[in-house]
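This report concerns only the one structure given below.
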Amino acid sequence: MPRTVLITGCSSGIGQVTARLLAEEGFHVLAGVRGAEQAAALADPRQPRLEPVHLDVTCDGQIDRVLAMLAERPEANGLFALVNNAGLGLPAALELATLEEVRRVFEVNTIGPLRLIQRCLPQLRRGAGRVVNMSSVNGALALPTVGAYSASKFALEAISDALRVELRPWGIPISLIQPGQINTAIFAKGRAALAERAGQIPEQLQAGYGPLYARARRYNERGAQSSSSPERVARLVLRVLRVRRPKARYKLGFDAYGLALLQTVLPQRLLDRVLARASGVLKACRQMR
């Protein structure tokens, strides 16, 4: 029987491409989407093993319904893999982000994956399964204007590290994928969000944060032109599911390896200066003198 994989965040981008690829490769994919419109767009009669399911990672009731549906299918033989892909960004300087916004980011990016793992463990034990958590290069290095997002991914990395050891008695591997910039619709959302937030900078803080937001918008446009595609991430997820002993972490993209190298070889003070220059903070410092 096909092995069953549950993927969150399949409405678009990495999640959608990964769901389609795994179904093509013979997995039975439960593809989590948040609404009927997204489910209809994902459903494909040519891919009977691709099954859209309503799944908001912050909603206990929807998670329970998906798992109850899985438990009622004896042919499924448990869950072979849980891929926590759903995520939420917050392009804002931390001073200008509301605490409610930050809580929402943590609820989706950190608490959501932990909630899914806890609820899915009985089915993962039954299916001799594994977990793949979609982290980010920002889960290893915090960058300006994405501090809340980075914090949520740092926390996801910590949770994954702890679970990887705690679940060894049941042989359930926990793997993290750390992609750099991937060319998805997230940059269109980032473009609109950065433009809106740049217009909301208080006048007395404009000299300090204006150059930072302007540089963030430039990097966002560069990300929209990235050569790294969602298909590359999907193929990596497929490899993680097929390998007998998956690694703890997988990096993807030149920028992911480059930033990791900088973090390894540069002292913190020098790394901070490099990031301040790259993000426009040094320009802001000069303007405020």
query = Do we find a residue being at pLDDT below 95, under 13 Å from the mean Cα position of the chain (by Cα) and either assigned to a loop (DSSP other than H, G, I, E, B) or of a type in the set (Phe, Trp, Tyr) (or both) anywhere in the stretch 89-112?
reply = yes
note = Among the residues of the stretch 101-155, the number that are more than 24 Å from residue 81 (Cβ to Cβ) and among the small types (Gly, Ala, Ser) is 5
query = Given the conditions (1) touching a Pro at 6+ places or on another chain (Cβ under 9 Å); (2) crowded, with 20+ Cβ neighbours inside 10 Å; (3) under 27 Å from residue 240 (Cβ atoms), which single one is not true for residue 183?
reply = (2)
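Counting just the residues of the stretch 138-162 that are assigned to a helix (DSSP H, G or I) and in contact with a Gly (Cβ under 8 Å, 6 or more places away or on another chain), which one comes out nearest to residue 110 (Cα to Cα)? Talk me through it step by step, then tell me what you get.
Filtering the stretch 138-162 for residues assigned to a helix (DSSP H, G or I) gives 138-139, 147-162.
Narrowing further to those that are in contact with a Gly (Cβ under 8 Å, 6 or more places away or on another chain): 149-150, 153-154, 156-157.
On the way: 149: 10, 150: 11, 153: 7, 154: 9, 156: 5, 157: 9 Å.
Checking each candidate, the answer is 156.
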query = Within the stretch 72-124, which residues are β-branched (Val, Ile, Thr) and without any contact (Cβ under 8 Å) to a residue 40 or more places away in the chain?
reply = 98
inquiry  = Anything in the stretch 275-285 that is over 11 Å from residue 141 (Cβ atoms), surrounded by 14 or more Cβ atoms within 10 Å (Cβ to Cβ) and at pLDDT 85 or above? List them, or say none.
reply    = 276
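Grab the helices (runs of 4 or more DSSP H) fully contained in the stretch 179-246, keeping just those with 2 or more residues being small (Gly, Ala, Ser).
Details: elements: 186-198, 206-224, 230-242.
Because the criterion is at least 2 residues that are small (Gly, Ala, Ser), the helices (runs of 4 or more DSSP H) in the stretch 179-246 that meet it are 186-198, 206-224.
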query = Checking residue 165 against (1) within 22 Å of residue 116 (Cβ to Cβ); (2) outside any helix (DSSP H, G or I), which test does it fail?
reply = (2)
Matching residues in the stretch 208-242 - criterion: being of a type in the set (D, E, K, R) and closer than 30 Å to residue 127 by Cβ = 231, 232, 235, 239, 242
query = Would you pick out the residues in the stretch 225-263 that are surrounded by fewer than 16 Cβ atoms within 10 Å (Cβ to Cβ), aliphatic (A, V, I, L, M) and out of contact with any strand residue (DSSP E or B) (no Cβ under 9 Å at 6 or more places or on another chain)?
reply = 243, 261, 262
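Here's the yes/no breakdown for (1) acidic (Asp, Glu); (2) surrounded by 14 or more Cβ atoms within 10 Å (Cβ to Cβ); (3) at pLDDT 95 or above; (4) more than 19 Å from residue 132 (Cβ to Cβ):
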site	(1), (2), (3), (4)
9	no, yes, no, no
30	no, yes, yes, no
39	no, yes, no, yes
44	yes, no, no, yes
47	no, yes, no, yes
query = With respect to residue 23, is the statement that it is more than 25 Å from residue 161 (Cα to Cα), surrounded by fewer than 15 Cβ atoms within 10 Å (Cβ to Cβ) and among the small types (Gly, Ala, Ser) true?
reply = no
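Hey, among 160, 136, 152, which residue is in contact with a strand residue (DSSP E or B) (Cβ under 7 Å, 6 or more places away or on another chain), at pLDDT 95 or above and among the hydroxyl-bearing types (Ser, Thr, Tyr)? Step through it out loud before you land on a result.
Values: 136 fails: at pLDDT 95 or above; 152 fails: in contact with a strand residue (DSSP E or B) (Cβ under 7 Å, 6 or more places away or on another chain).
None of the other options fit; the residue is 160.
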ask   = Checking residue 1 against (1) under 21 Å from residue 230 (Cα atoms); (2) modelled with pLDDT under 90; (3) assigned to a loop (DSSP other than H, G, I, E, B), which test does it fail?
value = (1)
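Answer yes or no: is there a residue in the stretch 56-69 that is of a type outside the set (Gly, Ala, Ser) and in a strand (DSSP E or B).
Our first condition is that a residue be of a type outside the set (Gly, Ala, Ser); within the stretch 56-69, this holds for 56-60, 62-67, 69.
Among the residues that remain, those that are also in a strand (DSSP E or B) are: none.
Checked the stretch 56-69: no residue is of a type outside the set (Gly, Ala, Ser) and in a strand (DSSP E or B).
The values are calculated or read from the model by the stated rules, or taken from the named source; none is laboratory data. Given the structure is predicted, the values throughout are model-derived calculations rather than measurements. Cβ atoms come from the backbone with ideal geometry, glycine included; neighbour counts cover every protein chain shown.
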